[in-house]
Structure formats: structure tokens, C-alpha cells
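Here is the structure we will look at.
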Amino acid sequence: MKRAVRYFASGALLLAILCALILEADRVLVVKSFYTDEWPTQASFASFYRMRRDTVDAIILGSSHVMTSCSPQQIYDEYGIRSFTLSGEELTPLAAYFWLQEALKTQSPQVVLFDVYKCFDELGVPLGMPEGTARKQIQALRLSPVKWAFAKAMEAVEPTQKASENMLASFRFHSRWAELREEDFTSREMSAHGEMKGFSVKDGSCGENYVYAPFERGSSDEREEMMPVMERYLEKMAELCAQNGVRLVLIKTPTTTATIARYNAAEDFARSHGLDYRDMNEKALADALAIDYHDDFIDYGHANYRGARKISALIGRMLAEDYGVAPVADEQWENSREFCRAAIEDAELTHVTDIHEYLNRLDLSRHVVFVAVRRDAADAMDDAVREGLRALGLNAPIWRGSSYYGVASAEGAREEGSDQLLVCRGTLRGGRTTYEVTSGGADCGDTCLISIGGEQRSKNSPGLNIVVYNPTMKRVVDSVYYSAGLSLNR
Amino acid sequence: MTISFGFYVFVAALAAVYYALPLRYRWLALLAGSVGFYAFAARAALGVFLATIAVSYLCALLLPRALARGCFAGRAALFVSLALVAAPLLLRKGGELLLSRMPGSPGLSWVAPLGLSFYTLQIIAYLADVYLGKAAPQKNPLKYALFVSFFPQIAQGPIPRYGALSDQLVEGHRFDERGFTRGLQLILWGFFLKLMIADKAGVVVDAVFGKSEMYKGLYVLVGGALYSVQLYADFLSCVTISRGVAGLFGVHLENNFAHPYGATSVREFWRRWHMTLSSWLRDYVYIPLGGGRRGKLRRAVNLTVTFAVSGLWHGSSLRFIFWGLLHAAYQIAGDLTAPLRERVYMRLGMPEGDFTRRAIKTVCTFFLVTLGWIVFRAGTLSKGLGMLRSMFTVFNPWIFFDDSLYRLGLGWKEWNVLLASICLLGVVSARQRRGSIRDWLNAQHALLRFGVYVAAVLCIWVFGTYGYGFNARDFIYGGF
């Protein structure tokens, strides 16, 4: 008997060890998105979980449209309102309902703004979103009865989405081991950055193909039906908010796919449920926004940082004046100001065309600056350029036809000028990212390569080549080249 | 289903009940579990299954009485018994063969209880053994039902003989931690074979065979070779898991494989592959037909009939019969050419036992078997023959160098995992010829043992092929 007990005890110990290791393996395997990713869906919720209890007064809930349009930092800076953009790619009302349920466990917002974009069918799939996106949304939640209910709800709509397989990452992401990246192993460290509070800064301008055509209210009686399952979950969301004393407001950010038919359907829903509906594609609000679509948006529905500035200002005003959300000083927003400002400044940097202004905007507290010469940069080196480089710690020994490289960071600078081909190698971020700079003057190679993380990022053009890298965001902010008398080129 | 979590919850619960009961009643737990398992897994066909058990039980009791009346009565009783028992299988196999050629014909799925092919042979062997006096008929209907329905081997074999299994099932076993551990080890190894080799190889196999109009030449060889591996690993895994689960209850099931791809001739291959089926065919088809005792021509005919039956057992399509006949042809040709091949080997300075000779024979045997598997796997006989033809007529060796193989569903990392797993299988097979690996492992310190188990589970968890898009529950041999 004693032997049998010892046998099963050791078996239980082995099982416990295995469970712990499997859960850890799952944590590594699950697909993640962080503040550094293009669409930081899971980062949104990860940072939301870390907000102190009952400190979020307004939640802006919705898809990637909301993610790029609503800056909680700006809303706080301008109105003192503590908001959070709880957004995910293609977030449907079905997913949003469970996300909200989870969010209300730790927060008691006064207002929830929900973007109704995904109430309508655009993809022709039962879930209203691609399978991979659905996985990301459910994986954003911690293991809990809400996550299980979410999984069951998805399975009810799309039977291939087995609820049990959504609870353990390996079943959905079993082949991900072949795509693991640094962030999968440093997720705890990555999750420490929640400064953006769900907002994702975008840059770029959309082309002429996108036509933004705000409509006049009442100009048509057309109605487009919402997806029945989405409408049902929108109703559940309304009930959930009512039960928790939260004011639910339906919104729609500017998109070129907005129509009067959808507006009418959403307006009808709002009216029948005693809710407000604010559609920024309706002429009155669109005029108030004064959006220049081609300048303020990167595509049909995602604002760049300029458009986000306008939309966030409108949202902040709405929260303060229409819904009486009071300003509250909170260090969670005070402490993130610098980070958010830097994110915007990095986006603005890519529009600077004057070399002197460009060099002045570089900030070694958050940038690593790589400078290298191809062929000849002597004519580019006027006093102002030398002064700008000197401010970065680079003396820039550049002469006619010379090779030159310079690497400047908060830790110091290294540089070299020569008549020979120059190669410089090193690492950033505590050894995690490699770099290699090659500079060849006119008679020694005539080349310029700046590789970061194995990827060549310089323009490799004659003159001074500059690559600006942000180690916190783990990405190249900008890559330009400059020849004398010309503006910066990209 | 032996890959599903629910199955192991069932096994754990049944084991708890089994060992909680008094020794002499433990077999009842196995019976209840087996019937319950069958009812859950194949409720629609439960009636046919139970009826077959009942009929064969009664037939076995009547056989000695018929024999007592005389040889003719005995044979007639045996014939009727076999016909009754084999009727569902014959109806299923032969009926589908005929009906498949008639457009719009209904299927015969209602005559396909779980494990039909396996338990029918098991019962036929039992009746034959009773007839021959090798076994006494089981008088207890419940004990007989347990013999037929024992759940670990009902769906995928091995095909047990009454004399080897029946006593083990009913005698009741005390909890033996060594046997229990060995059972768990077999289950773990079975999962490795299934998820790390069989299902991973299956991705490429499905691509090549599913798009055979695109993949010709050496693609067919790659697909065929991988199918050989997939089939072996898949079948070995289900048998290994069956043996492991049975081992948890102290029941020893026969192994079905003895490193078949190490065979140096097709004849030897059949002594190592699906051994319980091969021995069944030998004992109940080949030897009753006369075996090799009546001259070479008669032997060839008996061999042909036996392998035609084997082909039909595997499936009712013409390609399975062709495959069976191909193996018969291999062996007949092997016999005819043996003297010539011996002279060639001796001329080349390769006597019996020479390593190079053995290697050549092993590779050639694997190649011949693979040709048969290509037809076996192809959807139709004509498609299989077309694939074989293209293998010899389309020249494309660059596919091994230009990353073409990485476009068949597995990236280079997955290929590496697959090849490493196949190598591990080879190492384990080679090591097993020198002694039991489990015995060696069980003699090691707990740290090493735990380390091996943890590493194995984590490897399967992380690198295994399963989950969304991969249905690991579809064991290939469960389809027969």
C-alpha cells in the first residue's frame, strides 16, 4: 500500500511539473501583439489589466478604426479625462461584449463608446472576422469563466472554433513554434509598456481611390440590416452596461464605407434602446471634425496621427461636455505623457525635409542614430550639419571621397573616417539586436549599408545616409539620405 | 479516438474501478468498460456487433456437438458458423466492391460496426481453434463477450488469439507499478509516433497524392516513401497505444511489428508487418489451402489467394486487391529468381551475411514495398498506376535542391523535425533489437526518467502535428 501511495505521489508530482511546463509553453506559443506591432490587439488588454482598479472613467471600445483614431493621452491632456482605447482588429459586438464583461471586473467607467463598424457584414463569414483574428481576440483574455463563455459563444456561431481548443493556446497555435520571435520569450518585459493605452500611432496618407462622402441625416430611408448575431450581442452589451450603471454610446469613426443605410440601422437601434449614436460620417459631425481625408487617413478607415488628433479632440469634448465625465489627475496618464509624445514626434520626423531641422529633432534619449557616407559627402557638410552631428556626439571626420560611419546613442558615440572601406559592427538593446555599418567612399567601394537586425535599412545613395532606430519600439523610425543643396530624400 | 482527452479520462476512471473491485470481479469492469466504449463510439452498429457475438458464442458451443456426429456434420457446422460470422464483413467488402461500380447506389455504412475487420477475424480464428480442438469453447457468455469486445484492441488490433488473451482478461490482476509504468510509457511512445511522425508526414503525403496531376516523377517517390513511413508510424502508434492501455490493466497484447522496414525480402517483410494479420492469414487461409506442401505451382496459387484475401480485407476497392496480388507476385518472383540472385551476389563477392548485400536487399525490399504502398494510397487503381508510371518517366531530380519539397505543406523546420523523429524511430528500433529500452529506462534514476518523460511530452506538445486543421483522431488503420 505504501509503495502504491508513493508511486501515485510521484506520478502526481510529474503531472504537476508537466502542467506547469505546458502552461509555460502555451504562454510562449500563443500569438501575441505588443505595443511595437502594427495592430497591438492583445497589448491593449494586457495593459488594461494593469490599470489600477476603478481608474478608467471612459472606455472606447471597437475595431482597429478606433485603435488608430482615439488617443487616451490626448483626451487626458486636453480634458483631464481618464480614458482607455480597448480595441482589437475587427472587434465585433460578439467579442466586444465579452471584452467589456471582462473589463468591468476591474473598472467602473462612466461611459463606454462603442464603434458599430463590425455590426455589419463585410466578410461573409459567420464570426464577422477572420479565424486568425478571432484567435487573437480570445487569447487577449486571461483564463476565466468569461473567456470560456466567449469561446463557447464563438463555437456556437462557427462550429470549427472548438471552445476547448481556444482555451489552450497549443491547439490553435501548435505550428507557431516555427515562427517564434524574441517577443514570445520576453512577453512579460514587453507587456510592461502600456503607455499608449490601446492607441496605435499611424503615419501615411491614403490615395485618391478613397472618397469620403459624409451624408445628410434624413436624406434616405435605406436600411442595411445588422448581422443578427452581432445585433444580439449589441443588445447584450446594452443590458450589461445598464446593469452596471454605465452609459453606452454608439459611435462611428470616419470611413469611406459608411453609408446612410448603415447609419439609419444604427440610429434605429440606438433609439429603440435609449442610446445615443454619434456618427462622424454624418455631415454635421464631419464638418465639426474638419477631416481632410487624404491627409488625415492612411486608408478607408484608419486615421493617421493627424486624423487621430482631430477625432480624439472631438471624443474628449463629447465626453466632457455631453456626458459630464469629470477631469481627474492620475499619474497613470501623467507618467505616460512623454512616451506618447515621443511616438507622435517619431511619426512627424518622417515628414521633415530640412537636414538641419532633422538633425535637431533627433533625440538620443530614445534614438540610436546611424550615419554613413557613400561615395562623397564633403559638400553636404556645412557648418549647420556639422553642428547638428556634433550635438549627437559625432565629430564627423569627412573629407572629399572619404568613407565614414558614425553610431550615436545615449551610451555614447563611435565613428571613423578613412580612405578605405569601413565596416563597423555591434549590438543594441543589450546584445539582442545586431547592427553592421559599411561605408565606402568614391575610390573604396562606393557603397553604404546599414543593417539592423540583419535587415539592410539605408538608402545606399550618394552622400550622407542616416538611419534612425528606436530601441524601445524596436523599429527603424526613418531612413534618409542627403546630398549638398538638396532636401532630405527618402 | 485514442488520441482524445475524453478517452483517457475514461481509461483512468475504468482503471480506478478495476483496481477497486475484488480480484475475481475485475473482469466485469473490463466488460462494462468495453461495451460502454463500443456503445459510445459506434452506437448505430451496436446491434450488429452484439448479434455477431451472440451468434458466434452459440456456434462455438454447437461445434463440438456437431463434430461428435461426424466429420461432415462438423465441417458443415463450421462452414455455417463462419458464414454467419463473416457475413457482415463479406457484405461490406464485397458489396461495396460491386456497388461502387453502380452509379447512384446506396452505401453500406449500416453494416460497418467499429472494428468489423478486426473482430471478425478474431472470431473466425476462435471458431477454427474450437473446431480443431486447440481451444475449448467459452461457456460463460459474458467472458466470451469480453474477449471479443476488449476495448483497447477492438478498433485497430492487434488481432488476438483466444488462447493468448482470454485467460488474461478474466483472471484479474493486482496493481503492478512496473506494468502500469510500462503501459504509460507505451502510450507516450504511441503519441510520439502519431503526432511527430505519422501526421506530420501525412501533410506531404496528402499534398502529393491529392494533387497527383501536379506532382510527378520524384515527387511520387518522396510521397510514396513518406507514406510508407506514415503508414508504419500510424499503425505502430495505434497498436502501441492499445498495448499501453491494455498494460494498465495488466493485460499483455501481442506486438504487431518487428521492424518491418529492416526486412531483406518481401517474404521477411510479411513476417514483420502486421504480424497478427499475417499469422492469421497463414493459419486460416494459406495452410488450410495446402501452404507450400504441394509443389511450387500450388504454393504460388495459395500465396496468390492468400494475398488477394489480404487485399480485400484492407478495402473493397480494386487497388487493394491489386496491392495484395502485387505482394504475391513479389514473393513468387522472389522464389523463382533466388538462385540467379545468389549467383550474382557471390560473383560480386557478397556472401550470405555480408553487410553490403544486406543493405542492398533492405533498400530494394523497401522500394518494392513502397511501390505497392503508392497504389494502396492512391484514390483509384488507375491513378496509382499512373503515379507509378510517372515516377519512372518524369525526370525532375532538382526538386531536392530548389526548395520544391518545402512547398508541399511542411516548411524546412517541420521537415527537420520530421526527419529527426524518423531517425529517432530508427535508433529506437535498432536499440530494441539489443534489449528492451523500457527496462533500461526503468532501471535509471528517477531524475533521468522524469527528464525523459518531460522532454518527450514537451516535444510532442510543441512540435507535434495536431489541433485545428489536423485531425489526429483519424488513425489510418481504423478505417479498415
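Rounded to the nearest Å, what's the spacing between the alpha carbon centres of segment B:118-171 and segment A:36-75? Just the number, please. Cα centroid to Cα centroid, the span is 65 Å.
The residue list B:TYR57, B:VAL454, B:GLY372 was ranked by how far each Cα lies along the charge dipole of chain B toward its positive end, using unit charges on Cβ atoms, and B:TYR57 comes out on top. Here the protein assembly as shown carries DSSP beta bridges of which approximately 65% are antiparallel, counting only pairs with both residues inside.
Could you please report the charge total around B:GLY290, scoring K, R as +1 and D, E as -1 over all other residues with beta-carbon less than 11 angstrom from its beta-carbon?
Details: positive: B:ARG293, B:ARG294, B:ARG298, B:ARG299; negative: none.
Residues close to B:GLY290 contribute a combined charge of +4.
Summing Lys and Arg as +1 and Asp and Glu as -1 over all other residues whose Cβ lies under 15 Å from the Cβ of B:GLY426 gives a net charge of +4.
Using a probe of 1.4 Å, the accessible surface attributed to A:ASP203 totals some 60 Å² when neighbouring protein chains are kept in position.
Interface of B with A. Using a 1.4 Å probe and counting protein heavy atoms only, the two chains hide about 2200 Å² of accessible surface, both sides summed. Restricting the GluC sites (Glu not before Pro) of segment B:148-223 to loop positions (DSSP other than H, G, I, E, B) with no more than 14 neighbouring Cβ atoms within 10 Å leaves B:GLU171, B:GLU213. Note that the protein assembly as shown shows a convex hull volume over its alpha carbon atoms of 245 Å³ per residue. As a length-normalised measure over Cα pairs under 8 Å and 6 or more apart, the relative contact order of chain A settles at 15 percent. Across segment B:157-289, Cα pairs under 8 Å and at least six residues apart give a relative contact order of 33 percent.
In the protein assembly as shown, taking the dipole from charged Cβ atoms about the Cα centre, the farthest positive-side position among A:MET227, A:SER336, B:LEU297 is held by B:LEU297. Couplings 3J(HN,Hα) for segment B:411-425, derived from phi with the Karplus relation 6.51 cos²θ - 1.76 cosθ + 1.60 (θ = phi - 60°), are x, 5, 5, 5, 4, 4, 5, 4, 5, 5, 5, 5, 4, 4, 4 Hz, where x marks Gly and Pro.
For chain A, what does -39500 (n - 2.57) per DSSP helix run (n ≥ 4), summed and divided by total residues, give at 222 nm, in deg cm²/dmol to the nearest 500? Provide the component values of the computation, followed by the final result.
Details: 20 runs with 188 residues, N = 490.
Calculated from helices alone, the mean residue ellipticity at 222 nm is -11000 deg cm²/dmol.
In the protein assembly as shown, the portion of solvent-accessible area held by carbon and sulfur atoms comes to 59 percent [1.4 Å probe, whole percent, DNA, RNA and ligands not counted]. This model, with +1 at the C-beta of Lys and Arg and -1 at the C-beta of Asp and Glu, gives the protein assembly as shown a dipole about its Cα centre of some 8040 debye. Along segment A:173-188 the Karplus relation, 6.51 cos²θ - 1.76 cosθ + 1.60 evaluated at θ = phi - 60°, assigns HN-Hα couplings of 10, 5, 9, 6, 4, 6, 10, 4, 10, 4, 4, 5, 9, 10, 5, 5 Hz to successive residues, with x for each Gly and Pro.
The amide H of B:ALA135, built 1.01 Å from its N in the peptide plane, has B:VAL130 as neighbours under 5 Å, considering only residues 5 or more places off or on other chains. Spatial offset of segment A:235-275 relative to segment B:350-377 amounts to 71 Å, using the alpha carbon center of each. Mean separation of Cα pairs under 8 Å and 6 or more residues apart, divided by the residue count, gives segment A:264-404 a relative contact order of 13 percent.
About its Cα centre, the dipole of segment B:359-427 is roughly 240 debye, where the only charges are +1 on Lys and Arg Cβ and -1 on Asp and Glu Cβ. Add +1 for every Lys or Arg and -1 for every Asp or Glu among the other residues with Cβ under 15 Å from the Cβ of A:VAL480, and state the total. Spelling it out: positives minus negatives among the neighbours equals -1.
Residues whose amide H lies under 5 Å from that of A:ASP276, counting only those 5 or more places away or on a different chain, are A:LEU250; hydrogens are built 1.01 Å from N in the peptide plane.
To the nearest 20 debye, what charge dipole does segment A:375-490 have about its Cα centre, counting +1 at the Cβ of each Lys and Arg and -1 at the Cβ of each Asp and Glu?
On the way: 13 positive and 14 negative charges, 121 e Å.
With Lys and Arg at +1 and Asp and Glu at -1, about 580 debye.
Residues of segment B:214-228 with an amide N closer than 12 Å to a point placed 7 Å from the Cα of B:THR393 along the Cα-to-Cβ direction: B:217. Scalar couplings 3J(HN,Hα) for segment B:186-200, obtained by applying the Karplus form with A = 6.51, B = -1.76, C = 1.60 to θ = phi - 60°, are 5, 4, 4, 4, x, 4, 4, 4, 6, 8, 9, 10, 4, 6, 6 Hz; x denotes Gly and Pro.
Helix content alone sets the calculated 222 nm mean residue ellipticity of chain B: runs of n ≥ 4 DSSP H residues at -39500 (n - 2.57) each, divided across all residues, give -22500 deg cm²/dmol. Ordered by solvent-accessible area of protein heavy atoms (1.4 Å probe), largest first, the residues B:HIS445, B:HIS259 come out as B:HIS445, B:HIS259.
What is the diffusion coefficient of chain B in µm²/s, taking the Kirkwood radius over Cα pairs and the Stokes-Einstein relation at 4 °C with a viscosity of 1.567 mPa s? The partial results should precede the final answer.
Numbers: Rh = 24.2 Å.
Reported coefficient: 54 µm²/s.
The values are calculated or read from the model by the stated rules, or taken from the named source; none is laboratory data. Worth saying up front: this structure is predicted, and the values here are computed from it rather than measured. Methodologically, a virtual Cβ is constructed for each residue, glycine included, from the backbone with ideal geometry; neighbour enumeration extends over all protein chains shown. All accessible areas refer to the heavy atoms of the entire protein, side chains included, with ligands and DNA or RNA removed. Shrake-Rupley method; radii C 1.70, N 1.55, O 1.52, S 1.80 Å.
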